[in-house]
Amino acid sequence: MTMRTLLTAAAIISSAFGVSQSPSVHDSFNSNVAPLALVGADAQLSAAFTALDQQANPVLPEPWAKADPADSLYRLAREALSRGDYKRAAEIFHGIPERYPQSAYTTSGQALYYEAFALYRSGDLNAARERLNQLKTRFPAMAKSDGASLLTRVCGELAKRGDESCAMSIDSTARGGSDLATRTGSQGRNCSPDADEDSDDRIAALNALLQMDAERAMPILQQVLARRDPCSVALRRKAVFLVSQKRTDQTANILMSVARSDPDQETREQAVFWLSQVPGSTGLLEEILKGSGDENIKEKALFSLSQQNEPRAQQALRDFATRETENSDLREKAIFWLGQNHSKDNTEFLRTLYSRLTNEDLKEKILFSLSQQKGAGNEQWLMNIAVNSKEDIELRKKALFWAGQSGVPISEIAQLYDRMSDSEMREAIIFALSQRQSDRTAIDKLFDIAKNEKDPELRKKAIFWLGQSHDPRVQQFLLDLINR
């Protein structure tokens, strides 16, 4: 996945994308809003690509047997594990049952389990498997819960390294076969759609498929996706992501089938979303936009189209943006994604579409989208909107703001103030100047307005924004005003 994908995916995942909302001149606006929104979403999406089998350290129980002869050893082992010294932690945990077989830390199975975990994290997988098999014999209750999930992760690593017995075990567990039923029992199964590796070893087994070859993994994933029982929702969601990472001739069709028929809404949405990572999915995504009545599904399809590296995908977005029968919020999303793809065709399309629209919200989104396309001459196009008295005043103010953010020379904005008679536009110009305080010309113009503007409200605005600057001249200017 490219960095562009990671950054732009935020709008779809969080459904809280708001960078296209330019402020009124009364707002305390931070010009970093857009990048911050994208970075926040980056964190959500990139989490899906964290090494799926590298779990965080578990939270070990606090020492509970202070009078126990092994208490001090448990504390040392706990400390070593928490700081990532896994070999040392394994050694100390191993010593507890050897030296103190009657210790509560031994008879509870804690020492053996955490020794296995430390061995797993240190990379000694065969020793970790051996300890977990001992756990299964000596402490079956613990082996059925935490031990089962850890054994699946250990076996997943071994399967990647060619261990055939582990590969067969992973296959069985991922399919939800008899091996799993024997080890966990239906009573202990986690049926939450949000189950993860820490609570369900079936999902840990699916994660292990990520590094296995597609020929072996895909039949298992398809079998999981075909399930419809209530306890398979979390499995199907995970399987959708894993399928998207396997490059086969059937990947796109499998995800499309899920998008059409899976009974779980989120699973369907994720299938469409992950089509963004499958080259050649444009035709399938176009089908969704034309045939689906589900707006959430369409929203995901628009994002996925924006990630397809072919002209047909961009044309599909342009076509959707023009459809007056579609929900205006979805049309706004299409306009946004067009703005993120810097092409001459998209620039010309958005400018032409603006002139045809009557919906002011859609026109506003076009202003924002064009402001994101640097070097395409959109700065002056936005200024032309700002000075056009036939345009809606709010759109003119927003066009001026985005023109200022796009790099229009501050001298041009300053000169516009003297030519503009409308007080609302003058106020918008003051705000645009305030956002370019690193430019001395902007501060000079604010000084001029604060001293010479006849409208007291506009003078107050200029004085306020001067007070927010770090220009060394401001302090004396404000002092002179106070003492006048």
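The values are calculated or read from the model by the stated rules, or taken from the named source; none is laboratory data. Since this is a predicted model, take the numbers as computed values, not measurements. Cβ atoms come from the backbone with ideal geometry, glycine included; neighbour counts cover every protein chain shown. We work out accessible area using only protein heavy atoms, side chains counted, and drop any ligands, DNA or RNA first. Shrake-Rupley method; radii C 1.70, N 1.55, O 1.52, S 1.80 Å.
Determine which member of the set LYS451, LYS461 is of a type in the set (Lys, Arg), more than 30 Å from SER355 (Cβ to Cβ) and surrounded by fewer than 21 Cβ atoms within 10 Å (Cβ to Cβ). Full working, then the answer.
Working: LYS461 fails: surrounded by fewer than 21 Cβ atoms within 10 Å (Cβ to Cβ).
The unique qualifying residue is LYS451.
I'm trying to understand the selection: among the residues of segment 413-435, which are out of contact with any Phe, Trp or Tyr (no Cβ under 8 Å at 6 or more places or on another chain) and open to solvent by less than 50 Å² (accessible area, probe 1.4 Å)?
Result: ILE413, ALA414, LEU416, TYR417, MET420, MET425, GLU427.
Suppose the filter is farther than 18 Å from ILE170 by Cβ and touching a Pro at 6+ places or on another chain (Cβ under 7 Å); does ARG247 pass it? Explain how you work it out, then say what you get.
On the way: farther than 18 Å from ILE170 by Cβ: yes; touching a Pro at 6+ places or on another chain (Cβ under 7 Å): no.
Against the criterion (farther than 18 Å from ILE170 by Cβ and touching a Pro at 6+ places or on another chain (Cβ under 7 Å)), ARG247 does not qualify.
I'm trying to understand the selection: among the residues of segment 302-350, which are β-branched (Val, Ile, Thr) and either under 16 Å from SER369 (Cβ atoms) or assigned to a helix (DSSP H, G or I) (or both)? Steps first, answer last, please.
Taking segment 302-350 first, the residues β-branched (Val, Ile, Thr) are 322, 325, 335, 347.
THR322, ILE335, THR347 - these are the residues of segment 302-350 that are β-branched (Val, Ile, Thr) and either under 16 Å from SER369 (Cβ atoms) or assigned to a helix (DSSP H, G or I) (or both).
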Query raised in the report: Is it true that some residue in segment 144-162 is touching a Gly at 6+ places or on another chain (Cβ under 8 Å), small (Gly, Ala, Ser) and open to solvent by 10 Å² or more (accessible area, probe 1.4 Å)?
Result: yes
Query raised in the report: For ASP213, are the conditions met, namely being at pLDDT 70 or above, open to solvent by 50 Å² or more (accessible area, probe 1.4 Å) and either out of contact with any helix residue (DSSP H, G or I) (no Cβ under 8 Å at 6 or more places or on another chain) or farther than 21 Å from ARG78 by Cα (or both)?
Result: yes
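Suppose the filter is in contact (Cβ under 8 Å) with a residue 40 or more places away in the chain and either within 21 Å of the chain's Cα centre (by Cα) or part of a helix (DSSP H, G or I) (or both); does ILE220 pass it? Steps first, please.
Working: in contact (Cβ under 8 Å) with a residue 40 or more places away in the chain: yes; either within 21 Å of the chain's Cα centre (by Cα) or part of a helix (DSSP H, G or I) (or both): yes.
Spelling it out, ILE220 is indeed in contact (Cβ under 8 Å) with a residue 40 or more places away in the chain and either within 21 Å of the chain's Cα centre (by Cα) or part of a helix (DSSP H, G or I) (or both).
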Query raised in the report: What are the residues in segment 245-262 that are closer than 19 Å to LYS290 by Cα and either open to solvent by 20 Å² or more (accessible area, probe 1.4 Å) or touching a Cys at 6+ places or on another chain (Cβ under 8 Å) (or both), if any?
Result: ASN253, SER257, ARG260, SER261
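Would you be able to tell me the number of residues in segment 328-342 that are among the basic types (Lys, Arg) and under 20 Å from the mean Cα position of the chain (by Cα)?
Going residue by residue through segment 328-342, those that are among the basic types (Lys, Arg) are 331, 333.
Among the residues that remain, those that are also under 20 Å from the mean Cα position of the chain (by Cα) are: 333.
Selection size over segment 328-342: 1.
If you go through segment 314-345, how many residues are among the small types (Gly, Ala, Ser) and surrounded by 21 or more Cβ atoms within 10 Å (Cβ to Cβ)? Working first, answer last.
So in segment 314-345, the residues among the small types (Gly, Ala, Ser) come out as 316, 321, 328, 334, 339, 343.
If we keep only those that are surrounded by 21 or more Cβ atoms within 10 Å (Cβ to Cβ) as well, we get 316, 321, 334, 339.
Final tally of qualifying residues: 4.
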Report summary line: Within segment 81-106, restricting to residues that are more than 21 Å from ASN126 (Cβ to Cβ) and without any contact (Cβ under 8 Å) to a residue 24 or more places away in the chain, the one that is least open to solvent (accessible area, probe 1.4 Å) is PRO101
Report summary line: In segment 287-299, anything assigned to a helix (DSSP H, G or I) and either aliphatic (A, V, I, L, M) or surrounded by fewer than 19 Cβ atoms within 10 Å (Cβ to Cβ) (or both) is listed as GLU287, ILE288, LEU289, LYS290, GLY291, GLU295, ASN296, ILE297
